[in-house]
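Each remark here refers to the structure printed beneath this line.
Computed from the coordinates by the stated procedures, all read-outs in this text should not be read as laboratory data. All values reported here derive from a predicted model rather than from experimental measurement. A quick note on method: Cβ atoms are made from the backbone with ideal geometry, for glycine too, and the neighbour counts reach across all protein chains shown.
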Amino acid sequence: MSEFSNLLIEYFRNYNIWFLSVIIILQCIGIPTGASMLVLASGAFAYAGEFNVTVLLLEVWFFAWLGDNIAYIIWNYVGYKILGRHYKLKGYVEPKILTAEVYLNKYGRRTVFLTRFVMGAMGPFVNAAAGISKYKLLTFSLFAGLGELFWTSLYLGLGYWFGDSWESIVPIVTDFGQILTYIAILIIILYFLIKSIKNKKSKS
Amino acid sequence: MKKNIRVTILSIFIVLTVFIIIKQSTIIYFQVKNINLPNKESRQVGDMSTHKWITVKKISQRYNISEDTIFKTLEITPDVGDEKLYIKDLEKKYNKTPEEMKNNLNKIIESNINIESDINIKGKKDE
């Protein structure tokens, strides 16, 4: 366990769910805070009798869902304000927002749902894209809530299952998350490569 | 020419990413292979991952045992306020090894389990 992880747990022990809620919300906004590790730990503390596991599950789920919605709203309002002030940036980003809008209208539900727990690292980017492209808030909120329920159950459940040995599962969970992120990166690079090759062929 | 450079750079990135994914997958494979699945004992007092973050005061409340008895089992003569220190901090303060603390904590938890099962048996007999 790193010093940072120890510090997180120390604060969590002192401020319980309130600290955890702040960490989860910040992670949803896009600041990496180690929320997954902390939720895993909280599951283990619930097994040790420190929390009621059902209440904890509902609390973590609620704050994760709230964090996603806050991220959406921030990007919805602030994103457009920033673009309104910087015309050069607006000219560059606007076509991309349109692409995101088309994509989200087509695959929005499954993208929002899956990026909550399978491709967790992509979650904040999807929140930003959904907010800026003005994707339907109700649909976003519903599928984010559904995805977060899986995320919460997965991490809390793992912590609860491993109990006092929860630290032994942390490296696996972290490495697995990293692999999924690398796979997402690979898919993005492949997309650009195929696009480049197609452009090259059409021009020649 | 510019397009060719772009395709080459992207191809290099793909090779690198695939290499990293294979490397990480191998690491995870061995980690999963070596992990001990949790059982009742390891969940209760395993690597002390949770218990090192619990204070004597909390243990006393949870198992309904006096703080003095817990300190006695932990082989510690406490100072004022030690009941509010985490087990990991007590370990450092009194130069105890994690193994010693784990064994002593196990004694507390096992005695509590025995007491609870005795109560259950007595209750069933009374019925």
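Some values worked out for this structure:
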{"item": "Subset of A:Lys106/A:Lys134; B:Lys40/B:Lys84; A:Lys198/B:Lys23 violating a 25 Å alpha-carbon distance limit", "result": "B:Lys40/B:Lys84; A:Lys198/B:Lys23"}
{"item": "Distance-filtered residues of segment A:166-204 - backbone nitrogen under 15 Å, label point 7 angstrom along A:Phe125 Cα→Cβ", "result": "A:178-193"}
{"item": "Set B:Lys52/B:Lys96; B:Lys58/B:Lys107; B:Lys52/B:Lys102; A:Lys200/B:Lys2; A:Lys90/A:Lys200; B:Lys57/B:Lys107 screened for pairs whose C-alpha atoms are more than 19 Å apart", "result": "A:Lys90/A:Lys200"}
{"item": "Of the GluC sites (Glu not before Pro) in segment A:2-58, those whose Cβ has at most 12 other Cβ within 10 Å and which sit in DSSP loop", "result": "none"}
{"item": "Stretchable slack from A:Ile82 to A:Ser202, in nm (0.36 nm times residue separation minus alpha-carbon distance)", "result": "39.5 nm"}
{"item": "Spacing of the two label points (7 Å from each Cα toward its C-beta) at B:Ser25 and A:Thr139, in nm", "result": "3.4"}
{"item": "Near-label residues of segment A:128-158 by backbone N, under 18 Å of a point 7 Å along Cα→Cβ of A:Ile188", "result": "A:128-133"}
{"item": "Spin-label proximity, A:Leu7 to segment A:15-59 - amide N less than 13 Å from point 7 Å beyond Cα toward beta carbon", "result": "A:33-34"}
{"item": "Dipole magnitude of segment A:20-117 about its Cα centre (Cβ charges: Lys, Arg +1; Asp, Glu -1), debye to nearest 20", "result": "600"}
{"item": "Segment B:1-89, relative contact order in percent, only Cα pairs under 8 angstrom and at least six apart counted", "result": "26"}
{"item": "Chain lengthening between B:Glu75 and B:Lys93 when straightened (0.36 nm per residue, less Cα-Cα)", "result": "5.2 nm"}
